[in-house]
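K.L.:
If you scroll down you'll find the structure; I have some questions about it.
The values are calculated or read from the model by the stated rules, or taken from the named source; none is laboratory data. It should be emphasised that the depicted structure is a prediction, and the values quoted were computed from it without experimental measurement. Here the Cβ is made from the backbone with ideal geometry for all residues, glycine too, and neighbour counts use every protein chain on show.
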Amino acid sequence: AIAKYRFYRLWTHSGYMEEINTTNYLDCKDIYVQGNAAKHNKPSLRIDLMPFYDYSPSMRDSKNIGNGIRFLNKHLSSSLFQHPEEWEMKLFEFLKLHKLNGNPLLLNGVIIRETEPFREELGQTIEWLSGIKPDTPYRSIEKKLKKKGFEGGWGANAGRIVETMQLLFNLFTEPNSPTLEEFISRIPMISKIAIISPHGWFGQENVLGKPDTGGQVIYILDQVRALEKYLIQNFEMAGISLDPKIIVLSRQIPNAENTTCDYRMEKIFQTNDCWILRIPFKDKNQQTVRDWISRFNIWPYLDRFAYDAKKELVSEFQSKPDLIIGNYSDGNLVATLLSDKLDVIQCTIAHALEKTKYLFSDLYWEQMEADYNFSLQFTADMLSMNKSDFIITSTYQEIAGTDTSIGQYESYEFFTMPGLYQVVSGVNLFNPKFNVVPPGVDENNYFPYHMKEGRVVSKTEDWEKRLFLDAADDICGHLDHPGKPPIFTMARLDKIKNITGLIEAFGKNDKLRDACNLIFAAGTIRLEESHDREEQAEIQKTYQLIEEMNLHGHVRWLPSISKADTGEVYRIIADRKGIFVQPALFEAFGLTVLEAMLSGLPTFGPKFGGPSEIIEDKASGFLMNTSKPELIAKVLVEFIENCGKDKTYWETISENGIRRVKENFTWDLYSKKLISLTKLYGFWRYSVAEKGMVKMDRYCDLIYHMLLKQRAESRF
């Protein structure tokens, strides 16, 4: 069963088999790696976090994993029903807590002090408002409501106010989970959001394709615009005159090359009050670190970074934020430190956990430590996922995997890093903090190729030349037959993205070479311009493959393309009946998959990871085994042959892909769900979790200060 395990030891000579516990299993793994030395070494530190989840209910069915809020709502509404006096008081006190810019929201605690009078006043107010025209503006009835103890935030007009108050009244009389979710989600309690993303080059121009810089930057910028738009609508419906503020916290890089990453503050395009705030890393002598640093080597700087960020965020917000969202391992660790210091609800977004991307990276951590510092990263991951109030993922697989593959979070349930520590229980997948909330696509930039009215002719012409014809000095390769349908891919140039695997698949298959051209946009074509080990190795491998397979005349290699242009590039490829291939060995989600599908390109993605939950295989796209070049080629050739047999096949897959994205992956849906989760987990944190997590917090603090922080500081 998914996320449930039993361990057995088989004695090869006798055939005897016995069931063993998790600790015995981890000991066996240590012995496998370290040999007899493991038997004589001092016992490893054993980490077990499961006892600290005793404050929270747990799900039993693995099918419910990823839908934690539904389970938690049922638990809360059941508690309201079974213990009405206790939970009505908690809800009443929770409502009195909220303020906006220092002004009370919803309830005036001076006028309304106890639950019983409040319930009576609530019923009378509903009766009075029901006799007023529903479209009566809040301002017209504001004074009378305030005299009764009701502050702003219930609604923009009498009709909306009655609806909201009736939901609360129903909670007191007949509590159920849909009513609880609907009522809590209406409270306009989120106006300031801090989003944490330290690593890479976080900017809006000239950054995509640089080391450690890709989908996460696109995700966050689109997320910010969508969240601001939704919060503005949320405030308007609540009758509140207030603009939300969102700050993306990242690292300031003084030697910023051709980017704006040396700017302290940068306004985010197409927003009212959203900003990138950059804070520099400081070395052990408190001097500013001026150059880019790989995401695998930034751990010594994060504790001081979080300390400096706390002061800067409070200054910019003029108060503490209402929500802190961490991104990736480093951002989630900083979010954890900030959440602790500011006492703010924390959301964790992993994007990709490296533990499952690098095979046996826990067992052989010492061999990889010099390059990747996995002992620090895996410890940081474990701390943040346990300390976080709630976790959102793009797919179910990200949490619990499948019947045949382990999930990213699931890989932290138990593992060993021989010689360092054993994790007997590193995360509770059945805790209701996990929720699947897939992101959307910027529909202003990515829209179907046949929507000609949205396209700029001059831009199309310029990019057609650049993609297929121009002999620019930053482009490698020419096309002997530029009219052939293009196979297109676009990603960072690293091992996991596997662009060299696609080149090899193309080069080895005569049918692909005869029928198509290969065009890829990745990194830079110049080795001297790269400062990343993996990228440098992949650049050299790319040139080697082009020479060995004699791909001259068949391939074009462009540098990374800016986000503003990628939509039109997808559409140009679609104009020529091309395809988009995402050849990654593993892809946590796959934003480029969504973008290409919405642009109308038949899209091919790896069956390992998130694309398998986006693409309906052979209906709205295609899933591939990307572990070997010949397996990639097999799926591509099959598609090309089907297009030859059925002239409508390309269009059918194209339209199915467009429809799939429009119906299931939008930023509007994402924003509504994320803000709703924040409010509901905020109530859970206030009523139960904050007190219940005290023991967990102390245990994690000990691990942070005695293990993670000390090891990180030794890396200076």
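K.L.:
May I ask you to list the residues in the stretch 1-19 that are part of a strand (DSSP E or B) and surrounded by 15 or more Cβ atoms within 10 Å (Cβ to Cβ)?
P.N.:
Restricting attention to the stretch 1-19, the residues satisfying the condition of being part of a strand (DSSP E or B) are 7-10, 17-19.
Within the stretch 1-19, just F7 meets the criteria.
K.L.:
Against the definition (surrounded by fewer than 20 Cβ atoms within 10 Å (Cβ to Cβ), part of a loop (DSSP other than H, G, I, E, B) and modelled with pLDDT of 95 or more), how does N272 come out, yes or no?
P.N.:
Numbers: surrounded by fewer than 20 Cβ atoms within 10 Å (Cβ to Cβ): yes; part of a loop (DSSP other than H, G, I, E, B): yes; modelled with pLDDT of 95 or more: yes.
Yes; evaluated as a whole, the condition is true for this residue.
K.L.:
Within the stretch 703-714, is there a residue that is of a type in the set (D, E), part of a helix (DSSP H, G or I) and within 30 Å of D371 (Cα to Cα)?
P.N.:
Step one: of the stretch 703-714, the residues of a type in the set (D, E) are 713.
Filter once more, keeping what is part of a helix (DSSP H, G or I): 713.
Subsequent filtering for residues that are within 30 Å of D371 (Cα to Cα) retains 713.
Yes, the conditions are met somewhere in the stretch 703-714.
K.L.:
Just one of F608, F604, F586 is of a type in the set (F, W, Y), within 21 Å of T404 (Cα to Cα) and touching a Gly at 6+ places or on another chain (Cβ under 9 Å); which is it?
P.N.:
On the way: F608 fails: touching a Gly at 6+ places or on another chain (Cβ under 9 Å); F604 fails: within 21 Å of T404 (Cα to Cα).
Answer to the selection: F586.
K.L.:
Can you report the number of residues in the stretch 405-432 which are of a type in the set (V, I, T) and either in a loop (DSSP other than H, G, I, E, B) or touching a Pro at 6+ places or on another chain (Cβ under 9 Å) (or both)? Outline the logic, then answer.
P.N.:
Narrowing the stretch 405-432 to residues of a type in the set (V, I, T): 406, 416, 423-424, 427.
Retained after the next criterion (residues that are either in a loop (DSSP other than H, G, I, E, B) or touching a Pro at 6+ places or on another chain (Cβ under 9 Å) (or both)): 406, 427.
Number of matching residues: 2.
K.L.:
Return yes or no: is H481 assigned to a loop (DSSP other than H, G, I, E, B), modelled with pLDDT of 95 or more, more than 15 Å from I579 (Cα to Cα) and not hydrophobic (A, V, I, L, M, F, W, C)?
P.N.:
Details: assigned to a loop (DSSP other than H, G, I, E, B): yes; modelled with pLDDT of 95 or more: yes; more than 15 Å from I579 (Cα to Cα): yes; not hydrophobic (A, V, I, L, M, F, W, C): yes.
Criteria met by H481.
Conditions tested, residue by residue: (1) in contact with a strand residue (DSSP E or B) (Cβ under 6 Å, 6 or more places away or on another chain); (2) at pLDDT 95 or above.
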residue: L338; (1), (2): yes, yes
residue: E354; (1), (2): no, no
residue: Y364; (1), (2): no, yes
residue: M368; (1), (2): no, yes
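K.L.:
Please go through the stretch 203-248 and pick out each residue that is of a type in the set (A, V, I, L, M) and in contact with a Gly (Cβ under 9 Å, 6 or more places away or on another chain). Give the steps one after another, and end with the answer.
P.N.:
Just the residues of the stretch 203-248 that are of a type in the set (A, V, I, L, M), to begin with: 207-208, 217-218, 220-221, 224, 226-227, 231-232, 237-238, 240, 242, 246-248.
Passing the criteria: V207, L208, V217, A226, M237, A238, I240.
So that you can scan it fast, the table gives a plain yes or no per residue for (1) among the β-branched types (V, I, T); (2) modelled with pLDDT under 95; (3) assigned by TED's automatic domain parsing to the domain that holds L677; (4) within 27 Å of the chain's Cα centre (by Cα):
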{"position": "K39", "(1), (2), (3), (4)": "no, yes, no, no"}
{"position": "S44", "(1), (2), (3), (4)": "no, yes, no, no"}
{"position": "F52", "(1), (2), (3), (4)": "no, no, no, yes"}
{"position": "D61", "(1), (2), (3), (4)": "no, yes, no, yes"}
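K.L.:
When you scan the stretch 222-245, do you find a residue that is surrounded by 22 or more Cβ atoms within 10 Å (Cβ to Cβ) and over 30 Å from N73 (Cα atoms), even just one?
P.N.:
No, there is no match, as no residue in the stretch 222-245 is surrounded by 22 or more Cβ atoms within 10 Å (Cβ to Cβ) and over 30 Å from N73 (Cα atoms).
K.L.:
Let me ask something else about it. Residue pairs, Cβ under 6 Å, 6 or more apart or interchain, first in the stretch 284-312 and in the same structural domain as V248 (by TED's automatic domain parsing) and at pLDDT 95 or above, second basic (K, R) and assigned to a loop (DSSP other than H, G, I, E, B). List them.
P.N.:
These pairs meet every condition: P300/R715.
K.L.:
Checking T404 against (1) in contact (Cβ under 8 Å) with a residue 12 or more places away in the chain; (2) not assigned by TED's automatic domain parsing to the domain that holds P300, only one condition comes out false. Which one?
P.N.:
(1)
K.L.:
Which residue pairs have Cβ atoms under 7 Å apart, sit 6 or more places apart or on different chains, and have a first residue in the stretch 541-553 that is small (G, A, S) and a second that is loosely packed, with under 13 Cβ neighbours inside 10 Å?
P.N.:
G553/D480
K.L.:
Looking only at residues in the stretch 484-536 that are of a type in the set (G, A, S) and either closer than 15 Å to A633 by Cα or modelled with pLDDT of 95 or more (or both), which one is nearest to the chain's Cα centre (by Cα)? Even if it seems obvious, please write down each step before you answer.
P.N.:
Filtering the stretch 484-536 down to residues of a type in the set (G, A, S) leaves 491, 501, 505, 507, 515, 521-523, 530.
Now drop any that are not either closer than 15 Å to A633 by Cα or modelled with pLDDT of 95 or more (or both), which leaves 501, 505, 507, 515, 521.
Working: G501: 26, A505: 30, G507: 34, A515: 37, A521: 24 Å.
Per the stated criteria, the residue is A521.
K.L.:
Shifting gears a bit: Would you check which residues across the stretch 64-92 are touching a Phe, Trp or Tyr at 6+ places or on another chain (Cβ under 8 Å), among the hydrophobic types (A, V, I, L, M, F, W, C) and over 21 Å from F118 (Cβ atoms) and list them?
P.N.:
I65, I69, L72 - these are the residues of the stretch 64-92 that are touching a Phe, Trp or Tyr at 6+ places or on another chain (Cβ under 8 Å), among the hydrophobic types (A, V, I, L, M, F, W, C) and over 21 Å from F118 (Cβ atoms).
K.L.:
Another one. Restricting attention to helices (runs of 4 or more DSSP H) lying wholly within the stretch 300-372, give those where 2 or more residues are not charged (D, E, K, R). Outline the logic, then answer.
P.N.:
Working: elements: 302-317, 328-342, 354-357, 365-372.
By residue number, 302-317, 328-342, 365-372.
K.L.:
While we're on this one: Considering only the stretch 633-652, I want to know if a residue exists there that is under 23 Å from the mean Cα position of the chain (by Cα) and without any contact (Cβ under 8 Å) to a residue 12 or more places away in the chain. Spell out the reasoning first.
P.N.:
Going residue by residue through the stretch 633-652, those that are under 23 Å from the mean Cα position of the chain (by Cα) are none.
No: zero hits.
K.L.:
Hey, another quick one. Out of everything in the stretch 413-428 that is of a type in the set (A, V, I, L, M) and surrounded by fewer than 23 Cβ atoms within 10 Å (Cβ to Cβ), what residue ends up being nearest to V661 (Cα to Cα)? Give the derivation first.
P.N.:
Of all residues in the stretch 413-428, those of a type in the set (A, V, I, L, M) come to 417, 420, 423-424, 427.
Now drop any that are not surrounded by fewer than 23 Cβ atoms within 10 Å (Cβ to Cβ), which leaves 420, 424.
Numbers: L420: 44, V424: 40 Å.
By that ranking, first place goes to V424.
K.L.:
Condition first: among the charged types (D, E, K, R) and modelled with pLDDT of 95 or more. Now tell me which residues in the stretch 373-416 satisfy that. First the steps, then the outcome.
P.N.:
Let us first name the residues in the stretch 373-416 that are among the charged types (D, E, K, R), namely 381, 387, 389, 398, 403, 410, 413.
Correct list: D381, K387, D389, E410, E413.
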